[in-house]
Each structure stands twice: as structure tokens, then as C-alpha cells.
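One structure is given here, and the rest of the page talks about it.
The values are calculated or read from the model by the stated rules, or taken from the named source; none is laboratory data. The structure presented is a predicted model; accordingly, all values stated were derived computationally and were not measured. So basically every Cβ, Gly included, is an ideal-geometry build from the backbone, and we count neighbours across all protein chains shown.
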């Protein structure tokens, strides 16, 4: 699942990839709130929005679609198991 959903992120610089995955994890952890994710990540909610939009473009998934959110959450969990460096602060 992780390769299928998050595969396009593998072309990114590792730091950028980690930033997008950490932002997604924070957004999911905070119930889809960009404001609360921004507080967790110490950045403005617009920064969170921009990162999530980039993630949507790269993965072809839309965070307003519950099925896509489930796909991304499952892929993130699988990615977290295989690459434990992806953590929210």
C-alpha cells in the first residue's frame, strides 16, 4: 500500500519527503485541523495547507475524499513501520 500511494514521494529529496509525511501525520493526528497541525509543527496553518496541497498533487489523492484519506493514513502507517524516522514532534 505504501509504495502504491506514497511512491511518487520517493523522487523527492529525503528532507522534503520527510517534511510532507510529518505534516500529513500531524494533520491526521490533529483530526484534520490545519491550525492544530500547525501548532504541533510550529508553523502557520497556511504552511500546512501548502504542504498538504503538494502532497495531494504528488500522490493524486485528495484530502477531502475520505477514501483517499484512509489510503494515505494506511500508507503512512506502513511507511512508519518500514521507516521509523517519520514521526511527528
Original post:
Just one of the numbered conditions (1) assigned to a helix (DSSP H, G or I); (2) at pLDDT below 95; (3) crowded, with 16+ Cβ neighbours inside 10 Å is not true of residue 88; which one?
Top reply: (1)
Subject >> Filter result for the condition that a residue is modelled with pLDDT of 95 or more and either assigned to a helix (DSSP H, G or I) or more than 17 Å from residue 1 (Cβ to Cβ) (or both), over 56, 77 >> reply: 56
Original post:
In region 63-72, is there at least one residue being under 13 Å from the mean Cα position of the chain (by Cα), at pLDDT 95 or above and surrounded by fewer than 16 Cβ atoms within 10 Å (Cβ to Cβ)?
Top reply: yes
